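Participant: My structure is below; once you've seen it, I'll send some questions.
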Amino acid sequence: MKNAKIVLGVSAGIAAYKAVELLRLLVKEGADVRVVMSANAGQFVTPLTFAALSGNPVTHTLFDSENSANMEHIRVAENADLLVVAPATASMLGKMAHGLADDALSSLHLAFKGSVLVAPAMNDGMWAHPAVKENIDLLKSRGVEFVDPECGELACGVIGPGRLAEPSVILDRVRGYFDQRNDLNGMRFLVTAGPTHEPIDPVRYLSNPSSGKMGYAIAEQAKARGGEVVLISGPTSLQPPAGINFKSCKTAGEMNGLVQEHLENCDVLIMSAAVGDFAAEKLEKEKIKKQATEGLVLKLVANKDILLEVARRNSGKLVVGFAAETQNLVESALEKMRKKNLDLIVANDISAPGIGFQSDSNQVTIIDREENIENLPLKPKRDIADLLLDRILSRLKR
Ligand code: CTP
């Protein structure tokens, strides 16, 4: 965990004193820890205690005249790998689940792009309340991980579940997170993402609704786990991820050129882009006028299939394709895998509501060359990315 960048979020529970011990353990492991406190956490432990132990300034208010102008509470989130909220009170869980941002910690949580680990602590009655359970389920469905509270004597005097997990237990989970994070060290990934634009005239193009979110999630997770990543992206509204060699392109032809250029220097190719299959045979130099085009017929030609080109080169790389289908999901994906000589194919039913192209979650089926079929439940795209990378890693280790 040397130099691991961690944000420790402390909310206002009696167990805040255990966050002091957790901070001490994290710092001893070599982590660079920034502490962010909820509005009332200072009632239990002073910011000064956390500042002294972490060696870093502590963010505890949204309205501190010195720091709020440069958005200190948001800046802390930049470049951090992991947000650990310990203790997380029922109130903080509610804010996190519903996107409230009325103090430094809840605001930071909303701005945070990395992984989140939460250690709740509260009275046993609160812990059992359906509202708290639903908030936890909601957060879990977004990929937030939990270190469950222990059973024991609570601050209110009763014995029951709700006591913050021991700092050493939380530390183990944090350590596990960073151990897993480096499992792709030294591996080189070439990932494609997003749609392509095939121009018809200077203002129009053929495309599809791919958002690029799946491919960007794969690139980000591969990087976070120690991999070296080149991301080739068609036009999207997403920010290029930090620390990744980012190449943008518009057309399928440009994407093909970039893939062939970077293929040699990668170990794994993941083609998650929704590459356009057709381009206009003729690109009009001037905007096509509607008056002059009654019954306009657009003649299309097929684009090169990038994966088929790669298969033809017999590149010896591990190659992963995607299959976006509206019917016969598994049969169509199997056919594509065989035809394009893929090691793995990720199939999804783009006709199902709430999953696929634009959404943050997806429900996919992963099929391997040996034709083993794994149906995954609905999950955030980041979790699917991690599961896919796990499958890739186990094939590389064979
Ligand atoms: N693909 C590619 N080059 C293309 C079209 C697709 O490399 N010109 C890749 C995609 O990135 C994906 C896989 O091939 O990994 C399957 O893409 P998909 O659009 O599902 O299938 P197609 O092969 O295009 O077949 P169809 O559109 O007829 O289903």
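The values are calculated or read from the model by the stated rules, or taken from the named source; none is laboratory data. Because the structure is predicted, anything quoted here is derived from the model rather than measured. Neighbour counts run over all protein chains shown; Cβ positions are idealised from the backbone, glycine included. Note: accessible area is taken over every heavy atom of the protein model, side chains too, but ligands, DNA and RNA are not part of it. Shrake-Rupley method; radii C 1.70, N 1.55, O 1.52, S 1.80 Å.
Participant: Grab the helices (runs of 4 or more DSSP H) fully contained in the stretch 282-398, keeping just those with 3 or more residues being within 12 Å of the ligand (Cβ to nearest atom).
Facilitator: Here the list reads 306-313, 329-339.
Participant: Out of ASP148, ASP124, ASP201, ASP172, which single residue is over 19 Å from the mean Cα position of the chain (by Cα) and closer than 30 Å to LEU298 by Cβ?
Facilitator: Going through ASP148, ASP124, ASP201, ASP172 in turn, just one is over 19 Å from the mean Cα position of the chain (by Cα) and closer than 30 Å to LEU298 by Cβ: ASP201.
Participant: Next up: Every residue in the stretch 91-130 that is among the acidic types (Asp, Glu), touching a residue at least 40 places away in the same chain (Cβ under 8 Å) and open to solvent by 20 Å² or more (accessible area, probe 1.4 Å), please.
Facilitator: Listed by number, the list holds a single entry, ASP102.
Participant: Continuing with the same structure: Residue under question is LEU298, and the condition is that it be over 29 Å from GLU370 (Cα atoms) and either touching a strand residue (DSSP E or B) at 6+ places or on another chain (Cβ under 7 Å) or without any contact (Cβ under 8 Å) to a residue 12 or more places away in the chain (or both); does it hold?
Facilitator: yes
Participant: Could you tell me which numbered condition ARG225 fails, if it satisfies all but one of (1) within 16 Å of the ligand (Cβ to nearest atom); (2) surrounded by 16 or more Cβ atoms within 10 Å (Cβ to Cβ)?
Facilitator: Only one criterion is unmet by ARG225, namely (1).
Per-residue answers, yes or no, for (1) at pLDDT below 95; (2) under 14 Å from LEU105 (Cβ atoms); (3) not aliphatic (A, V, I, L, M):
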{"position": "GLY9", "(1), (2), (3)": "no, yes, yes"}
{"position": "LEU22", "(1), (2), (3)": "no, no, no"}
{"position": "ALA52", "(1), (2), (3)": "no, no, no"}
{"position": "PRO57", "(1), (2), (3)": "yes, no, yes"}
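Participant: Could you tell me how many of the residues in the stretch 22-56 are outside any loop (DSSP other than H, G, I, E, B) and open to solvent by less than 70 Å² (accessible area, probe 1.4 Å)?
Facilitator: Result for the stretch 22-56: 19.
Participant: Another question, if that's okay. Sort out which residues of the stretch 231-249 are away from the ligand (no atom under 14 Å from the Cβ), more than 17 Å from LYS213 (Cβ to Cβ) and either open to solvent by less than 50 Å² (accessible area, probe 1.4 Å) or assigned to a loop (DSSP other than H, G, I, E, B) (or both), and write them in order of number.
Facilitator: Residue satisfying the conditions is GLY243 alone.
Participant: Please specify each residue of the stretch 270-281 satisfying the condition of being surrounded by 17 or more Cβ atoms within 10 Å (Cβ to Cβ) and either of a type in the set (Ser, Thr, Tyr) or part of a loop (DSSP other than H, G, I, E, B) (or both).
Facilitator: Answer for the stretch 270-281, where residues must be surrounded by 17 or more Cβ atoms within 10 Å (Cβ to Cβ) and either of a type in the set (Ser, Thr, Tyr) or part of a loop (DSSP other than H, G, I, E, B) (or both): SER272, ALA273, VAL275, GLY276.
Participant: Looking only at the stretch 1-16, count how many residues are in contact with a Lys or Arg (Cβ under 8 Å, 6 or more places away or on another chain) and part of a loop (DSSP other than H, G, I, E, B).
Facilitator: Number of matching residues: 2.
Participant: Right, next: Is at least one residue of the stretch 253-272 more than 16 Å from the ligand (Cβ to nearest atom), among the hydroxyl-bearing types (Ser, Thr, Tyr) and farther than 19 Å from ARG181 by Cα?
Facilitator: no
Participant: Got a number for residues in the stretch 145-199 being more than 30 Å from LYS133 (Cβ to Cβ) and of a type in the set (A, V, I, L, M)?
Facilitator: Total satisfying the criteria: 5.
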